[in-house]
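Note sheet for the following structure.
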Amino acid sequence: MSTRIQTGGRLIDRTKSVTFKFNGRKLQGYAGDTLASALLANDQMLVGRSFKYHRPRGVVASGAEEPNALVNMGEGAFFEPNQRATTTEVFDGLTATSQNHWPTLEFDVGAINTYLSRFLPAGFYYKMFMYPRAFWKHVYEPFIRQSAGLGKAPKQKDGSDYEHFYAFYDVVVIGGGIAGLQAAKTAAAAGAKVLVMEQTADWGGRAVVDGAEIDGASADAFVAATVAELQAMDNVTLKTRMMGAGVYDHGYLLGYERVSDHDPSLAGPRHRLWRIRTAQIISATGAIERPLSFAGNDIPGVLLASAVRDYLVNWGVSIGERTIVVTNNDDAYRTAIALKQAGLSVPMILDARKSGGGALAQQARDMGIRVENGKAIAKVHGGKRVTAVSICDQAGEGVVLDTIGCDAVAMSGGWSPVVHLYSHCGGKLNWDAEQVMFRPDLTRMPTNQNGQGFVMPAGTANGEMSTAATLADATARALDVVAALGKSAPTLTAPTAASEDAAAIEPVWMMPQGANIKLRMKSWLDYQNDVKVSDVQLAAREGYESVEHTKRYTTLGMATDQGKLSNINGLATLSGALNADIPQVGTTTFRPPYTPISLASIAGSARDEVFQPIRKTPMQDWHMANGADFEPVGHWRRPYCFPRAGETKAQAVEREILQTRKSLGLLDASTLGKIIVKGPDAGKFMDMLYTNMMSTLKVGKCRYGLMCSENGFLSDDGVVARIDENTFLCHTTTGGADRIHAHMEEWLQTEWWDWKVYTANVTEQFAQVAVVGPNARKVLEKLGGMDVSKEALGFMEWADGTLGGFDARVYRISFSGELSYEIAVPASQGRVFWDALLAAGAEFNVMPYGTEALHVMRAEKGFIMIGDETDGTIIPQDLGLNWAISKKKEDYIGKRAQERTFMVDSKRWKLVGLETTDGSVIPDGAYAVGEGVNANGQRNMIGRVTSTYYSPTLGRGIAMGLVLDGPDRMGETIEFPKVDGGSITAKIVDQVFYDKEGTKQDV
Amino acid sequence: MSNAVTALNGAKSTGYVTVKEAPLTGMITLRGTFASKGFAKMVKSVFGTDIPEQRKVSKGPEATVLWMSPDELMVVCDYAAAQDLVAKATAQLGDEHALVVNVSDARAVFTLSGAQLREVIAKEAPVDMSQFEMGEVRRTRFAQIAAAFWLEAEDHARIICFRSFAEYMFNLLKNASQPGYEVGGW
């Protein structure tokens, strides 16, 4: 059994016990424990079920690489699935449950899959679920969804907060082990501004666990002294619980800070995502130990040798009483030695190398541990826990020589430098056959915007395996970085460590070397996704030669651990099956994040009221207080209508329209874009921007204009007012204000940079109100202050003045067909002005109206709406707007495009009005069908609806649409099938349904 | 004038940094050729200060001039004085090609006060706040919206954004400055 031993545990505080719950069971741990170490201390070895076969799985590692120990953390609003127990610090009140089991962790029905495993090989889904086609949706997918998957999705809204933080450094060191600290010290001594981040809560990394000696003292002492030294420096920032998540172009780096995961009672955000720009990155991320591929290597109780050592040294936890160590390198001997020193039993060390190990092996022998060279594990026995190990020759096919009882296996297949961050931006690797690892090729580093290397691996992450070499490399690589920054470091005495007499590692990709298929089918490569040696070999036989294809076919390395343990073993297995060298097969691509980060940290503070910026007009509070129903228009929320008690939205719209046409309506038009165009060349510029002639517009007058893109398509429309000889004010659509301002600036800055024109977007300077209806003039006269009579202020004219004491600019323009004034006042006075209009309009029963009434009234008048009649493929000519296209101008933006053959094609659908024969309303987006079918056997289309409404003014459905030969077919009827069957017939009519002569607006 | 109100009526939040919506503030957009003597003279005589250097602020007795782009300045002044200053500047420029617009109502202004205000800004704006100096102005974004800010003192900053975004900006700053949300040591 796994248990807490009497002494030891450098990270735990035995005076502070904490209580937590796992699967409803109350357990005790100590402050400083991870959830994994605390579970193991309580003999909770079984922590989950595997993804595919539901095999019992235990903790296998002690850090970020852990594939098995994923748990559901927390409850309710703080529930989060797939949390790694090995990187979760335990705290009082922690609640966790195991995942992917039914009904219980100990008894799981899905485990039947393990007996079916020979029928569930690699690519099983692809092969099995192809036919019959209909089965996928109705049989296969529901079944797979039920049985597969890891954690559950949270049901409640996340109760924690998150935020971002922008920070800038010269050098960021990722990894707080001895290499990272030494590199940081070197860079900091050169005066660089340095950030050092360590993903765990503690400095020091592996060296302190392994008891390395540095400068004649313990690694612990070196770490403490170096951290203290760095802390004292102004130019150094030290952060624990922060992981380097991803490296991106231009020195962009994400630091994932877990602020309060270890203590949720703390105020503040749970995670903080540091968005860092740095000139140089030092990746001192160490290495990860590889498992060995032998039958039963996934049975709970089989752990990485380094993890067994970590649990013992860091947390005082023994994985078993009798641990068999199996290895192909010297490092695993450290585990055997540490276990023995702690008084635990190590019945045997199986060293797959015929020639055995070096100095450490000798030390183990001297301690009385039995060491067997050239031997391997044939098979691990046990179900939910290791019970024994069968021994064989590594060189053979698995003939069992002996079976030895044990309750733990510590395995080591060698070490892989953590090259992830180095690789994110394209750093290349070399295969080091001597050390059996991929390591960074410093001649092919990831390069920054200047073509200069910017992610420097250092220490073990750079493939240096001994303490002495690690420290020397960290110093040297940091000096490289200092030089790249153009700085120089004072001469430092690099710390020294004793050289180690180690025997070379030997590659062991399968154990035993000639393992039969039965053994290979029980040798796991990827624990989380249940990929075995036999699966990768099958993929190779089926023709998957590329490692990237094999990865996707078998799902090797595609789980949440992204193959931290399985990648190298998997590709070595593939290369063996393909009879190719490992470097020829290559690795899969390392992509950020290093380990999964919370989605919420990416969103940062963008939630609830700041999820998205909502723009508000000066009158917004009134709209909200008066029950407006809002619709989004760009980032604005505009009132769609103002329903009264008991009214439906349709009824409200109808009331607003009828009252406006009958008496008086008000529209908050503040959102309309307002752009000033000024300069001696403003007229020339306006003529290029708009399809019509704007330079001839007289001061004091307004003109409706169209703007097209370079490709000829109608882009925006609005009323232009000429303010003075050199100044125009352009109204744009609500959504178009920023886009059109940018469009203007782009042309001015890139094409016509020598034209004397300035623009300014003054949209928000003004609150603008449309005062609409037969009584519009009366209400303005009641406010008083300026002459708004027909004579003084004619249709399509504007004037400055005061109204009721407000500084106002009044435009006599109409989008509704009624007598109408649009009045702009300074935004800060908008609300009071609105109130004044409501008060003055009370006697006329004034009604504010929303965007829907606006739309219906403009449709009754046959006015187009950008976004309804246009969709980015429509030119003004399609809409019969030829009257607004100047024939006299030599050029305007879009003119040439409009002359191309397909733009002048007479078969382009043209805008017409549509009147339903039965008075009903054509559904939005309906298409008109013609005779015959097209090449695909579909009915031919001859037109589509662009705007369709019930017109309360006319008491019937009206619409506008684009129809083939439309304007030539006045009076004909066309058919619009409905989605739910049946169809509507509509008569093609003129698009102006209301007051075609325009007498009502010009009074 | 008594009718004029700010977007948020002077909203305030007291976290580890105090966030306040400033009272109505005069703002004038100036566009012109900085190298032109006439333009520079106008800035000096009307606003009492020189054209600021790139990304800098220059302060006159009654107006602060912010560098916005190679041909655009923003004058910050007393709200009541803005219209007169616009008229004066326009008159003095005469025929010179330039643009002077009163945009006092187009924006909301916020102040941040407190020793840790740099850190609050660094949560929302991609700016190196460890290097940002007095006398600098930065046009940038705060989370998802455009904004500009400058320091008036080591513990006092001013932020401007479009008026319609006032509530969003206030909530951003309020959330970022809640007690317990300090970053510290960066």
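The values are calculated or read from the model by the stated rules, or taken from the named source; none is laboratory data. This one's a predicted model, so the numbers in the text were calculated from it and none came from an experiment. With ideal geometry, Cβ positions are generated from the backbone for all residues, glycine too; neighbour counts draw on all protein chains shown. Note: areas computed on protein heavy atoms with side chains; ligands, DNA, RNA excluded. Shrake-Rupley method; radii C 1.70, N 1.55, O 1.52, S 1.80 Å.
Of B:Ala146, B:Ala35, B:Ala63, the residue with the greatest mean-square motion in the GNM of chain B, using alpha carbon springs below 10 Å, is B:Ala35. The residue list A:Val60, B:Ala4, A:Thr491 was ranked by how far each Cα lies along the charge dipole of the protein assembly as shown toward its positive end, using unit charges on Cβ atoms, and A:Val60 comes out on top. Note on chain B: Kirkwood radius taken over Cα pairs, Stokes-Einstein applied at 10 °C and 1.306 mPa s, translational D equal to 93 µm² s⁻¹.
When +1 charges are put on Lys and Arg Cβ atoms and -1 charges on Asp and Glu Cβ atoms, the dipole computed for region A:330-487 relative to its Cα centre reaches about 300 debye. Dividing the C-alpha radius of gyration of region A:885-1003 by 2.2 N^0.38 Å, with N its residue count, gives 1.25.
How high is the relative contact order of region A:906-1003, in percent, counting Cα pairs under 8 Å that sit 6 or more residues apart?
Reported as a whole number, the value is 35 percent.
Peptide B:173-184 is shielded by partner chain Cβ atoms: per residue, an average of 4 of them sit within 10 Å of its Cβ. Residues in region A:706-712 carry Karplus couplings, in order, of 10, 10, 10, 7, 4, 8, x Hz; the curve used is 6.51 cos²θ - 1.76 cosθ + 1.60 with θ = phi - 60°, and Gly or Pro positions show x.
Of B:Leu73, B:Ala146, B:Ser130, which is farthest towards the positive pole of chain B's charge dipole, taken about the Cα centre with +1 and -1 on the beta-carbons of Lys, Arg and Asp, Glu respectively? So the residue we want is B:Ala146.
Spin-label pair A:Ala650-A:Ala342: with each label point 7 Å from Cα along the Cα-Cβ axis, the two points sit 7.5 nm from one another.
Beyond 20 Å, the tail of the calculated P(r) for region A:692-766 holds 32 percent of the Cα pairs. Taking each of A:Lys889/B:Lys37; A:Lys137/A:Lys649; A:Lys887/A:Lys987; A:Lys684/A:Lys996; A:Lys21/A:Lys152 in turn, the alpha-carbon distance tops 27 angstrom for A:Lys889/B:Lys37; A:Lys137/A:Lys649; A:Lys887/A:Lys987; A:Lys684/A:Lys996. Taking the convex hull of the alpha carbon positions in region A:595-728 and averaging its projected area over all directions gives 14.6 nm².
For B:Lys12, the accessible surface of its heavy atoms amounts to roughly 120 Å² (probe 1.4 Å, protein chains only, rounded to the nearest 10).
Each 20 Å bin from zero holds the following percent of Cα-Cα pairs in the protein assembly as shown: 10, 30, 28, 23, 8, 0. Computed about its Cα centre, the charge dipole of chain A is approximately 1580 debye, with only Lys, Arg, Asp and Glu carrying charge at their Cβ. Karplus-based coupling profile of region B:173-186, in residue order and whole Hz: 5, 4, 4, 5, 9, 4, x, x, 9, 4, 8, x, x, 10, with θ = phi - 60° in 6.51 cos²θ - 1.76 cosθ + 1.60 and x standing for Gly or Pro. Taking amide H as placed 1.01 Å from N in the peptide plane, the amide H of A:Tyr640 sits under 5 Å from that of A:Asp629, A:Phe630, A:Glu631, A:Thr851, each at least 5 places away or on another chain.
Its residue count N sets the reference 2.2 N^0.38 Å, and the alpha-carbon radius of gyration of region A:791-879 equals 1.32 times that reference.
Rounded to the nearest whole Hz, the Karplus-based 3J(HN,Hα) values (6.51 cos²θ - 1.76 cosθ + 1.60, θ = phi - 60°) of region A:807-822 follow the sequence 5, 9, 10, 10, 10, 9, 10, 9, 10, 10, x, 9, 4, 8, 10, 10, with x at glycine and proline.
Computed over neighbours whose Cβ is under 11 Å from that of B:Leu85, the net charge equals -2, Lys and Arg +1, Asp and Glu -1.
In plain terms, the chain from A:Ser906 to A:Ser789 could stretch by 37.6 nm, reckoned as 0.36 nm per residue minus the Cα-Cα distance.
Loop-located trypsin sites (Lys or Arg not before Pro) in region A:899-976 (DSSP state other than H, G, I, E, B) with a sparse environment of at most 10 neighbouring Cβ atoms within 10 Å: A:Lys907. Buried accessible surface for the A/B chain pair comes to about 4100 Å², total over both chains, computed with a 1.4 Å probe. The simple Förster model, with R0 at 30 Å and r as the Cβ-Cβ distance, assigns B:Arg139 and A:Asp800 a FRET efficiency of 0.45.
If only the Cβ of Lys and Arg carry +1 and only the Cβ of Asp and Glu carry -1, the dipole of region A:517-585 around its Cα centre is close to 260 debye.
Modelled this way, with points 7 Å down the Cα-to-C-beta line, the labels at A:Arg944 and A:Thr443 are 5.8 nm from one another. Across the protein chains, with a 1.4 Å probe defining accessible surface, the residues A:Leu266, A:Leu783 rank A:Leu266, A:Leu783 from largest area downward. Taking all Cα pairs closer than 8 Å and separated by 6 or more residues, the relative contact order of chain A comes to 9 percent.
Within the full protein context, the accessible area of B:Lys41 is estimated at about 140 Å² for a probe radius of 1.4 Å. Just need the relative contact order of chain B here, percent rounded to a whole number, with Cα pairs under 8 Å and 6+ apart. Taking the mean separation of contacting Cα pairs over the length of chain B, I get 25 percent. The length gained by stretching the chain between A:Asp965 and A:Arg607 to full extension, at 0.36 nm per residue less their Cα-Cα distance, is 123.9 nm. Report note on the peptides A:180-189, A:827-836, A:91-100: ranked by the mean count of other C-beta atoms within 10 Å, highest first, their order is A:180-189, A:827-836, A:91-100. Per-residue SASA remark: A:Met510, around 40 Å² accessible (1.4 Å probe; ligands, DNA and RNA not included). Among the GluC sites (Glu not before Pro) in region B:1-66, those placed in a DSSP loop whose Cβ has at most 16 other Cβ atoms within 10 Å are B:Glu53, B:Glu62.
Sparse packing (at most 16 other Cβ atoms within 10 Å of the Cβ) combined with a DSSP loop state is found for the following GluC sites (Glu not before Pro) in region A:638-668: A:Glu647.
Counts of other chain beta carbons within 10 angstrom of each beta carbon in peptide B:165-172 average 5.
Using only C-alpha positions, report the orientation-averaged shadow area of the convex hull of region B:122-174, nm², one decimal.
Average of the hull's projected areas for region B:122-174 equals 3.6 nm².
Legend: mean number of C-beta atoms from other chains within 10 angstrom of residue C-beta atoms, peptide B:139-150, equals 2. Computed from the alpha carbon positions, the gyration tensor of region B:42-102 leads to an equivalent ellipsoid with semi-axes of 17, 14, 10 Å, biggest first. Mean projected area of the convex hull spanned by the Cα atoms of region A:517-585, taken over all viewing directions: 4.0 nm². Computed from the C-beta positions of A:Tyr131 and A:Gln749, the FRET efficiency with R₀ = 41 Å rounds to 0.10. Within chain A, the selection of entire DSSP H helices by a Cα span of 24 Å or greater along the long axis and an average Kyte-Doolittle value of at least 0.0 returns A:467-484.
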